[in-house]
Amino acid sequence: MGFRSLAPYVWPIYGPWMAASLGMSILLVSLPIVLVVDGHGYALAALVAGAGGAGAAVFALPVGWATDRWGPAWVGLGSLVAMVVAASVMASTVRPLVLGAAHLVFGGSSLAVMLSRQADLTRRIPANLRGRAMSLMGGTMRFSVLLGTVIGGLLIDLAGARWTFLAAGVGAAIGIPAVLPGARTPGWEVAPIGVGGPGLVKMFRMNRRRLLHAGLFGMTAMTTREGRMILLPLIGVSMDLRPSTIGILVATGYAADLALFPLSGSIMDRFGRLAAMVPAYGLLAVGLLSLLVADSGSGVLVAGLVMGLGNGLSAGSLFTLSSDLAPSEGTASFLSGVSLLTDIGRVLGPLLVGVAATWWGLEAAAVVLATVMVAGLIWLVWLVGETGKAPTTLS
């Protein structure tokens, strides 16, 4: 078995996933630029940009419960529609309060799409193919982020905030046709996963150790990942680079990131999860520290490439880790608990960048993020350990 066996899932599983992440990435790169250029400070820009992560944290548990009972397709469909509505609201104003509230809904709905797809795929794919299946989820998300960062930067430069935010809604709408067949014909998809299984509280109590193992590492990794997505555009603004140039700098790192996702999945399935995750997240920390000596656009580009290489080797690793540890009953609810902890990092990352940049400067923000990532690696190696099966040679 290999990547070819995942072909039947490209449209119904990976399509909506890509659509949701495309919309999110357009907003993530454009929101800080819009707010800083409009005269707002780093802290407010980071807060509004981090509202998407806050929405993901708020929506996580309800989404897991709903997916277990109503099935992935209905949850995915409703969430994509909510993303389109939220983007339309954002296009109507540039007031920070409205942008933050709409971004919160957009981010929570994006999480719902992704979690419903992961829960569906977890039940469909055998364990010895899980690393590749989840790395493909990470890879498709990275491809959409690559497009989104370029689109976001170019549209802000050429068309302004309103059309950029509308483009985020259009990106989400692309995924709606992919989930309609499952919603219309429930027998086509995996049955609601948790029917007859334990409730949320009981499931969390029974699996609290696994939940903390996956969730706390995910929190540190997501703090670092999301923080760098805010940090790089802010460094570009501090260097007086054009928005389109900033988008290209961020996207270049994602190009390196995207190229490595097949390698990530193969390593996880053949040699174990840690063989891919330790060097991957180590490179992410090294790339952040490289920003300390970057004094030009070229220096930022090199640092972004190092981070991209690390992030590429980690493609699908958090999804694989949580799926490895998920119980057979209440799968989506467990994944939602892991997602809740992980997505706290989506709030912490931008918040740490905003606070550190305001008090000590952008270089200090890079050091803070690198420190968080190193702490996460220590947790992963010493306390979590290997979650996959013993290394085997797979076709």
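Picking from residues in the range 353-363 that are more than 21 Å from Met24 (Cα to Cα) and of a type in the set (A, V, I, L, M), the one that is surrounded by the most Cβ atoms within 10 Å (Cβ to Cβ) is Ala357.
Restricting attention to the range 331-352 and to residues that are of a type in the set (Val, Ile, Thr) and at pLDDT below 90, the residue that is surrounded by the most Cβ atoms within 10 Å (Cβ to Cβ) turns out to be Thr342.
Across the range 142-154, the number of residues qualifying as modelled with pLDDT of 80 or more and either of a type in the set (Val, Ile, Thr) or crowded, with 24+ Cβ neighbours inside 10 Å (or both) comes to 6.
Return yes when Ala102 is among the hydrophobic types (A, V, I, L, M, F, W, C) and modelled with pLDDT under 90 and no when it is not. No; evaluated as a whole, the condition is false for this residue.
Quick check, is Asp295 over 24 Å from Pro126 (Cβ atoms), of a type in the set (D, E, K, R) and buried (at least 21 other Cβ atoms within 10 Å of the Cβ)? For Asp295, the condition - over 24 Å from Pro126 (Cβ atoms), of a type in the set (D, E, K, R) and buried (at least 21 other Cβ atoms within 10 Å of the Cβ) - is not met. The set of residues from the range 321-330 being surrounded by 24 or more Cβ atoms within 10 Å (Cβ to Cβ), farther than 30 Å from Pro32 by Cβ and among the hydroxyl-bearing types (Ser, Thr, Tyr) comprises just one member, Ser323. The listed residues are Ala375, Ala370, Ala366, and the only one of them that is in a helix (DSSP H, G or I), aliphatic (A, V, I, L, M) and buried (at least 24 other Cβ atoms within 10 Å of the Cβ) turns out to be Ala366.
Filter the range 1-22 for residues that are part of a helix (DSSP H, G or I), aliphatic (A, V, I, L, M) and farther than 17 Å from Val75 by Cα and give the result. Result: Leu6, Ala7, Val10, Leu22.
Val293 meets all of the listed conditions (1) of a type outside the set (Phe, Trp, Tyr); (2) touching a residue at least 12 places away in the same chain (Cβ under 8 Å); (3) closer than 30 Å to Thr245 by Cα but one, namely (2).
The values are calculated or read from the model by the stated rules, or taken from the named source; none is laboratory data. Please read all numbers here as calculations on a predicted model, not as lab measurements. Note that each Cβ is placed from the backbone with ideal geometry, even for glycine, and that neighbours are counted across all protein chains shown.
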